[in-house]
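Structure record follows, encoded as structure tokens.
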Amino acid sequence: MATTSTQRPHTPRPRTGGGQAPGSKGAKFAADAANAAGSFFGAAAGGFVPPINVTVNNTKNAPAAAPAPSGGGSHFVLGEPTFDNTDDVRNYCNHVRALMIQAAIELAMAGKILEARLSQAQTLPDDNPIQGRMRALKVSRKLKKAADGATAAAKSAVGAYGAFTREYADLMSPRPQRAATTNPFKF
């Protein structure tokens, strides 16, 4: 389409919805985290990149969390597990999965950063640069292994809820019983 001098230049509509502006730090963090997660999982899966949605919660104006109970308190990161109903089991497994995926991403990124920093360090006397990079790789491999363990923990949390639904499906929603046939077979 040819532009003429009579057309007005494009001006974006003002934002009417809530939330953060697209250029804000939260949106930039979300985009960077999604990119890092896609790169991490893409490299781990040999090129397959699963769709990853990253939600950034702005808690600047959120009320403060309730203080821990004075009777010793809970030492659980995810809160005291109650497991009173099906929703409690599902929510706990989902929270474990989310926490472990975040930990896996952070550990993998930290491992790559550590490897890059250590490979730039001064080499030992009588070492060549390749030996320095190999030494850095040996150190960062431990963080990668920790990231793999966190990924395995996230998968196991999903598997725990799957096993729960399989093993207790009859109790969660009883299967309908077949009604007796109204016209039984007669010999």
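Quick note: the coordinates plus some simple rules give every number you see, no bench work behind them. Every value quoted in this text rests on a predicted model; they were computed, and no experiment measured them. All Cβ positions, even for glycine, are placed from backbone atoms using ideal geometry, and neighbour counts span all protein chains on display.
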Just want the answer: with Cβ charges of +1 for Lys and Arg and -1 for Asp and Glu, which residue in Ile105, His95, Pro81 is farthest toward the dipole's positive end in the range 79-120?
Ile105
Expressed in nanometres to one decimal, the distance between label points 7 Å along Cα→Cβ at Ala110 and Ala98 is 2.1
Pairwise FRET efficiency - Val77 versus Lys155, Cβ, R0 = 25 Å, nearest 0.05:
0.85
In the calculated pair distance distribution of the range 85-182, what percentage of Cα-Cα distances lie above 22 Å?
55
Label Lys145 and Asp127 with points 7 Å out from Cα along Cα→Cβ: what is the distance between them in nm?
2.0
